[in-house]
1. How do His73, His62 rank when sorted from fewest to most other Cβ atoms within 10 Å of their own Cβ?
2. Going by C-beta contacts inside 10 Å, put Thr45, Thr33, Thr57 in order with the fewest on the left.
3. Tally Lys/Arg at +1 and Asp/Glu at -1 over every other residue whose Cβ is under 15 Å from the Cβ of Gly31; what's the total?
4. Quick one: putting +1 on the C-beta of Lys and Arg, -1 on the C-beta of Asp and Glu, what dipole do you get for the chain around its Cα centre, in Debye to the nearest 20?
Amino acid sequence: MAGHQFFRSIGLSPAKLEAEEKVILPMLDAGCTFEKPLYYDDIITIHTSVEEISRKTIRLKHEVFRGETRSGHGHEIRGWVRESEGRLSAVPIPDEVRTLLEQDSSSEPQAPNPWLST
């Protein structure tokens with residue numbers, strides 16, 4: 001969910017990409033290191049940033065916090081994949097998307113977080 005929210009926050013909604021551009025962002029790899037326990041009903045914050053952009057993949061870094069305490073960290077690798085004539089193939093990430101991904105992720109998100117109530 002953190003990966004999808006990250007993409008929404010920079011204006012690259014996965015649902016919109018699929019509907020308008022026929023692009024999907026399949027998860028190719030993920031990993032997590034647990035450092036401290038979390039408990040039911042804990043309120044957590046996940047900090048997500050772009051760690052690496054290759055020609056056809058994006059590696060996101062996640063850090064999970066309960067309050068000020070980091071409880072774990074991990075990564076996910078997403079492909080940039082286009083559907084054409086019923087076939088899926090990895091395609092190069094467009095320059096304008098690369099620019100969005102390379103921007104400072106501490107800036108104000110472009111899309112609200114649907115998981116948080118105001």
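Every read-out reported here was derived from the displayed coordinates using simple, explicitly stated rules and does not represent laboratory data. Quick caveat, the model's predicted, so the values are computed rather than measured. Every residue, glycine as well, gets a Cβ built from its backbone with ideal geometry; the counts of neighbours run over all protein chains shown.
1. Values: His73 17, His62 20.
The most exposed by this proxy come first: His73, His62.
2. Fewest-to-most Cβ neighbours within 10 Å comes out as Thr33, Thr45, Thr57.
3. Details: positive: Arg59, Lys61, Arg78; negative: Asp29, Glu35, Glu51, Glu52, Glu63, Glu76.
Combined, the nearby Lys, Arg, Asp and Glu give -3.
4. Dipole of the chain, to the nearest 20 debye: 240 debye.
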